[in-house]
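**Q** Let me begin by handing over the structure; questions about it come next.
The values are calculated or read from the model by the stated rules, or taken from the named source; none is laboratory data. None of the values given here were measured: they were computed from a predicted structure. As a convention, Cβ positions derive from the backbone with ideal geometry for all residues, glycine included, and neighbour counts pool all protein chains shown.
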Amino acid sequence: MSTTAQSRPRTARRDLAGSPFLAAARGRRPSRLPVWFMRQAGRSLPEYRALREGVPMLTACFDAEMISEITLQPVRRHGVDAAIFFSDIVVPLVAAGIDVDLVPGTGPVVADPVRDAAAVGRVPELDPARIEPVLDGARLLVERLGETPLIGFTGAPFTLASYLIEGGPSRTYERTKALMHSDPAVWHDLAARLAGIAATFLRGQVEAGADAVQLFDSWAGALTLREYREFVLPHSARVLDAVADLDVPRIHFGVGTGEILPAMRDAGADVVGVDWRVPLDEAVRRLTARGEPAPVVQGNLDPALLHASWPVVEAEVRRIAAEGRAAAGHIFNLGHGVLPGTDPGVLTRVVELVHSLEP
C-alpha cells in the first residue's frame, strides 16, 4: 500500500543537463530545436488503442503501469524531446471526490453542476494521499525515461470551473460568465478551491519527479482581457506559484488566447504556449510590447494541417521554426492537441524535420 504524500520523500532530480527541451524552456540555446506534441500519448497511436481496449479512461489514469506505458509510447515511436504525463484534467477533481465522468464522444460530464454558494461550499480539498496511485506512475517514468524530461500538468481553475458550472463541455460558457459577473464572491470561492486542488496535483507530480509542468487553461480564450485579469489570473498564478520553489520550467497554454498572452505570462509562466491563430513572431511582439524581456514560446503548428500533403506540412514547420527565432527560446509543438485520426508516421517525420532545423 502506498504511503501518503506527506511521508513519501521527494524523488531525486535526474541530471538532464543535455536536454534540448529544458535548455530552450530556460531561455538557453539548445543543441537542437526541441519538439513534443500535446496529446502525443493518445488515440493517434495504434499501440495506445490496443492497450486501452476495454479500459475506461479514468481507470487508466489511476493505474501506474498504464500511465507509464502510455506516456512512453510516443517517446519510443517519435523520438520527441519530452514526455507529457498521461492523465486528464479531471483526474484531481475525481480524486478529490467530485462526481465527474469522462463520457466517450462528449468529454467531462458533472453529475451535480456547481452553480451557487451552497454547491461551492461542498467542493472538497484534495487529500494528497488520494493521488498516490497517479504519482506512482510518475515515479515509474522517472526510472524508465532515461534522458527524456517528463512534463507534469494540470487543468487551470477557469477551465475546471467551466466544466463544473456548465455540467459538461460548452461553446458559449454562458453559465460560467453569468456566475462570474453576477456573484463574484461565489466565483472567487470556487476558483480558489479549484486552484488548491490543481496546485496539490501539480506539486505532487514535480515532487514525484516531473522536470517541467504545463498549466492547461484550455478555454480561457473565451474571456476578455479584463475578465481574465480580474477573475482568472490570480487563481492561475496561485497554481503556478505552487511549484515556483521547485525550480522547474512552467508552461502556460490555452486555446484562442491571442488577446491575453501577456496576462498569461504575468500569471507566472516561464514559457507561453501559443495556439495556431497567432504567428510566433507576432506573439513575441505582443509579449514584449511593454518592454519585457523576450519570452520563451511554445507552438504552434495547426493540428489539422497534419492531414495535408507532406510539402504543405514541411513548409509550415519551416515557417514556424523561423518565426520562433524571434523568441528567447522556442519549443516546437502543435497549436493544440494531436487529432485522433492523425497518421503517426507524419508526426515522426515532423520530429525528424524539426531536429534538422537550426534552433
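**Q** Evaluate the following for GLY209: is it on the phi > 0 side of the Ramachandran plot, modelled with pLDDT of 95 or more and over 16 Å from the mean Cα position of the chain (by Cα)?
**A** Numbers: on the phi > 0 side of the Ramachandran plot: yes; modelled with pLDDT of 95 or more: yes; over 16 Å from the mean Cα position of the chain (by Cα): yes.
The answer is yes for GLY209.
**Q** Same structure, new question: Mind telling me which of the residues GLY79, GLY121 ends up being surrounded by fewer than 18 Cβ atoms within 10 Å (Cβ to Cβ) and more than 20 Å from the chain's Cα centre (by Cα)? Explain how you work it out, then say what you get.
**A** On the way: GLY79 fails: more than 20 Å from the chain's Cα centre (by Cα).
Matching residue, one of GLY79, GLY121: GLY121.
**Q** If THR224 satisfies all but one of (1) surrounded by fewer than 20 Cβ atoms within 10 Å (Cβ to Cβ); (2) at pLDDT below 95; (3) of a type in the set (S, T, N, Q), what's the number of the condition it fails?
**A** (2)
**Q** Within segment 140-195, can you find the residues that are within 22 Å of ALA210 (Cβ to Cβ) and surrounded by fewer than 16 Cβ atoms within 10 Å (Cβ to Cβ)? Give the derivation first.
**A** We begin by selecting, within segment 140-195, every residue within 22 Å of ALA210 (Cβ to Cβ); these are 140-157, 159-160, 194-195.
Across segment 140-195, the qualifying residues are GLU143, ARG144, GLY146, GLU147.
**Q** For segment 276-359, list the helices (runs of 4 or more DSSP H) that sit wholly inside it and hold at least 3 residues that are small (Gly, Ala, Ser); which are they? Break it down into steps so the answer makes sense when it comes.
**A** Working: elements: 280-287, 310-324, 344-356.
Where helices (runs of 4 or more DSSP H) fall fully within segment 276-359 and carry at least 3 residues being small (Gly, Ala, Ser), they are 310-324.
**Q** Now for a separate question. Within segment 106-124, track down each residue that is in contact (Cβ under 8 Å) with a residue 24 or more places away in the chain, farther than 16 Å from SER182 by Cβ and in a loop (DSSP other than H, G, I, E, B).
**A** Matches in segment 106-124: THR106, VAL123, PRO124.
**Q** Which residue is nearest to GLY273 (Cα to Cα), if the candidates are limited to segment 45-76 and must be of a type in the set (Gly, Ala, Ser) and surrounded by fewer than 18 Cβ atoms within 10 Å (Cβ to Cβ)?
**A** Going through segment 45-76, the residues of a type in the set (Gly, Ala, Ser) turn out to be 50, 54, 60, 64, 68.
Still in the running and surrounded by fewer than 18 Cβ atoms within 10 Å (Cβ to Cβ): 50, 54.
Values: ALA50: 31, GLY54: 34 Å.
Restricting to residues being of a type in the set (Gly, Ala, Ser) and surrounded by fewer than 18 Cβ atoms within 10 Å (Cβ to Cβ), the top hit is ALA50.
**Q** Now a separate question. Could you look through segment 30-44, keep only residues that are at pLDDT 95 or above and either over 20 Å from HIS307 (Cα atoms) or surrounded by fewer than 21 Cβ atoms within 10 Å (Cβ to Cβ) (or both), and pick out the one that is farthest from the chain's Cα centre (by Cα)?
**A** SER31
**Q** Still on this model: Taking LEU22 as meeting all but one of (1) at pLDDT below 95; (2) buried (at least 18 other Cβ atoms within 10 Å of the Cβ), write down the number of the exception.
**A** (1)
**Q** I'm told LEU233 meets every condition in (1) at pLDDT 95 or above; (2) touching a Lys or Arg at 6+ places or on another chain (Cβ under 9 Å) except one. Can you identify the failing condition by its number?
**A** Failing condition for LEU233: (2).
**Q** Of everything in segment 150-192, what is touching a strand residue (DSSP E or B) at 6+ places or on another chain (Cβ under 6 Å) and farther than 22 Å from ALA96 by Cβ? Give them in sequence order. Walk me through how you get there before you give the answer.
**A** Taking segment 150-192 as the starting set, the residues that turn out to be touching a strand residue (DSSP E or B) at 6+ places or on another chain (Cβ under 6 Å) are 150-153, 155-156, 163-164, 167-169.
Across segment 150-192, the qualifying residues are LEU150, ILE151.
**Q** Inside segment 240-270, can you point out the residues that are under 13 Å from ALA283 (Cβ atoms), hydrophobic (A, V, I, L, M, F, W, C) and either in a loop (DSSP other than H, G, I, E, B) or within 15 Å of the chain's Cα centre (by Cα) (or both)?
**A** PHE253, MET264, ALA269
**Q** Could I ask something else about it? Would you please list the contacts, defined by Cβ atoms under 8 Å and residues six or more apart or on different chains, that run from a residue in segment 331-349 that is over 21 Å from LEU22 (Cβ atoms) to a residue that is among the aromatic types (Phe, Trp, Tyr)?
**A** Listed pairs, sorted by first residue: GLY335/TRP276; HIS336/TRP276; GLY337/PHE37; VAL338/PHE37; VAL346/TRP310; LEU347/PHE37; ARG349/TRP310.
**Q** Do any residues in segment 193-205 that are within 17 Å of GLY97 (Cβ to Cβ) have Cβ atoms under 8 Å from those of residues that are modelled with pLDDT under 95, where the two are at least six apart or on different chains, and which pairs are they?
**A** Correct list of pairs: GLY204/ALA5.
**Q** Does ARG203 satisfy the criteria of being over 23 Å from GLN73 (Cα atoms) and either more than 21 Å from the chain's Cα centre (by Cα) or at pLDDT below 95 (or both)? Please lay out each step first, then the result.
**A** On the way: over 23 Å from GLN73 (Cα atoms): yes; either more than 21 Å from the chain's Cα centre (by Cα) or at pLDDT below 95 (or both): no.
Considered against the rule, which asks whether it is over 23 Å from GLN73 (Cα atoms) and either more than 21 Å from the chain's Cα centre (by Cα) or at pLDDT below 95 (or both), ARG203 comes out as no.
**Q** Continuing with this model, one more query. Are any residues in segment 326-356 under 21 Å from VAL278 (Cα atoms) and either out of contact with any Pro (no Cβ under 8 Å at 6 or more places or on another chain) or among the β-branched types (Val, Ile, Thr) (or both), and if so, which ones? Talk me through it step by step, then tell me what you get.
**A** Restricting attention to segment 326-356, the residues satisfying the condition of being under 21 Å from VAL278 (Cα atoms) are 326-339, 350, 354.
Residues satisfying the conditions are ALA326, ILE331, ASN333, VAL338, VAL350, VAL354.
**Q** Those residues that are touching an Asp or Glu at 6+ places or on another chain (Cβ under 9 Å), of a type outside the set (A, V, I, L, M) and surrounded by fewer than 20 Cβ atoms within 10 Å (Cβ to Cβ), I need them from segment 237-264; list them, please.
**A** GLY256, GLY258, PRO262 - these are the residues of segment 237-264 that are touching an Asp or Glu at 6+ places or on another chain (Cβ under 9 Å), of a type outside the set (A, V, I, L, M) and surrounded by fewer than 20 Cβ atoms within 10 Å (Cβ to Cβ).
**Q** Provide a single number: the residues in segment 207-221 that are in a helix (DSSP H, G or I) and either acidic (Asp, Glu) or crowded, with 24+ Cβ neighbours inside 10 Å (or both). Even if it seems obvious, please write down each step before you answer.
**A** Going residue by residue through segment 207-221, those that are in a helix (DSSP H, G or I) are 207, 220-221.
After this cut, where a residue has to be either acidic (Asp, Glu) or crowded, with 24+ Cβ neighbours inside 10 Å (or both) as well, the list is 207, 220.
Residues flagged as in a helix (DSSP H, G or I) and either acidic (Asp, Glu) or crowded, with 24+ Cβ neighbours inside 10 Å (or both) within segment 207-221 amount to 2.
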